[in-house]
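What follows draws every value from the coordinates through simple rules; no lab data is involved. Here the structure is a predicted model, which means the values were calculated and not measured. Cβ sites come from the backbone with ideal geometry, for glycine too, and all protein chains shown count toward neighbours.
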């Protein structure tokens, strides 16, 4: 007896479904997975050893259920197709339609047919296994679905089972004695149970072969179709390894989006694979837009790697031997580049060469960098400039570099609840913009400079504006390991920090000694026209990452 589309569901029993799932459990970094089964009698299991152990246990659990079903008489010929009961959602034309909110096929438009078969389905990501009784046509239409056994027609099934009541779930001792059912999964892991079998007594009704374009069963090539980056991977794309890689990448990106916590290292690896795959796809197809997508993926991988370096607090360019300092950086590498661009701007545009003026210009520029306006308080100004605040502000206002809504005295008396609104005309939007960073980076840079200039040990030593400028300059020009200058260079040319701090080269050594005494620099040397040194461990987070 075949399952006809017009048959009434109330005349049949519902097709049985067993669903086994593998999900993360607890914190993703712990690597623990949970195995759950839709059967109430099956308790959840947890595997701290990771997904590989969980998948092995899941395959064993599925085969245990298959053995029990086989011992209980196999699939039932009078069962209603379980796929049809789910509105045939298991073989929708577009696997992503449900996730995008697309409509499922109309029930009346789905034509079930063929004998009832026992099927097993395993998704390619190794997270879901499903055993179901369904019609042969639905089984053939579901990707990665295998028909293991075919039900007898109901009349013959009744004869074969006369005098014996078939139990859907036999005891564990009976299950262990059965070893005639094997499942073949899409991840190609062998089943612990050997052999395949069809129903006893009489030969089964032939099961339609799965569509090769969907299942690829004969060739073993897996899924022929997929999506990545809103592009459909052609089913006939060559080479075949590229098609498989693109499909798997699309699945991997969608799986990543379901994670409860981000993993920048994993995401960077996916972007790198995508860049390589799209570059090859562009070569074989001649589509220039694919090459653009590959370049975007390369950039995304680079940015994500940088995010990971800042997230875990390790230096960039580490050797991976575990000996590198673990530092929670205040600025990213790109933000450090912007910080150095601000220092160059201050050196070129400060209206007076005095160190006190340059220090004020630096801090006020960072407050007004985006819109030409910003807020300061009297506490800010006196903290930066100490007893020189009034004189420096008078100079900036007289040079029209700074505009205040009132007098300098009013600005120095302003409180945090009513700060002074400053205007820097050279940074107003109608002027050419000297900086390319956004408001978030501006805020980060301002906080970075404030931490450097307002360092507690520098304040305790009552170091002047010149020494503070040198502190800011050294912090902005360090390698990832905290040494001054780039890794391949021998420190910094002595004339560069001297020019920024309005000093002569031979005067730099005096201020370097003050920074060493204040535990800003762990060591320093100014011989041979070079400034060599190393940031103290306490200020490594302020390092600028050359």
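Numbers at a glance
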| item | result |
| --- | --- |
| Burial ordering of 363, 134, fewest other beta-carbon atoms within 10 Å first | 363, 134 |
| Relative contact order [Cα under 8 Å, 6+ residues apart], region 333-542, whole percent | 19 percent |
| Packing-based exposure ordering (other Cβ within 10 Å, fewest first) of 304, 119 | 304, 119 |
| Relative contact order of region 226-312, defined on C-alpha pairs under 8 angstrom at six or more residues apart (%) | 26 percent |
| Centroid-to-centroid separation of region 413-450 and region 258-297 [C-alpha atoms, Å] | 37 Å |
| Spin-label model distance (nm) - residue 295 vs residue 265, 7 Å beyond Cα toward Cβ | 3.1 nm |
| Proxy reagent accessibility, fewest Cβ within 10 Å first, across 65, 235 | 235, 65 |
| Burial order of peptide ranges 35-46, 451-462, 269-280, 70-81 (average beta-carbon count within 10 Å, highest first) | 70-81, 269-280, 451-462, 35-46 |
| Hull shadow area, averaged, region 226-312 [alpha-carbon convex hull, nm²] | 5.4 nm² |
| Packing-based ranking, highest mean first, of 470-476, 255-261, 482-488 given that Cβ atoms within 10 Å are counted | 470-476, 482-488, 255-261 |
| Gain on full stretching of the segment that runs from residue 303 to residue 49 - 0.36 nm per residue minus C-alpha separation | 88.3 nm |
| Directionally averaged projected area (convex hull, Cα atoms, region 333-542), nm² | 11.3 nm² |
| Residues in region 350-381 that a label on residue 403 would reach, taking backbone N under 13 Å of a point 7 Å out along Cα→Cβ | 372-374 |
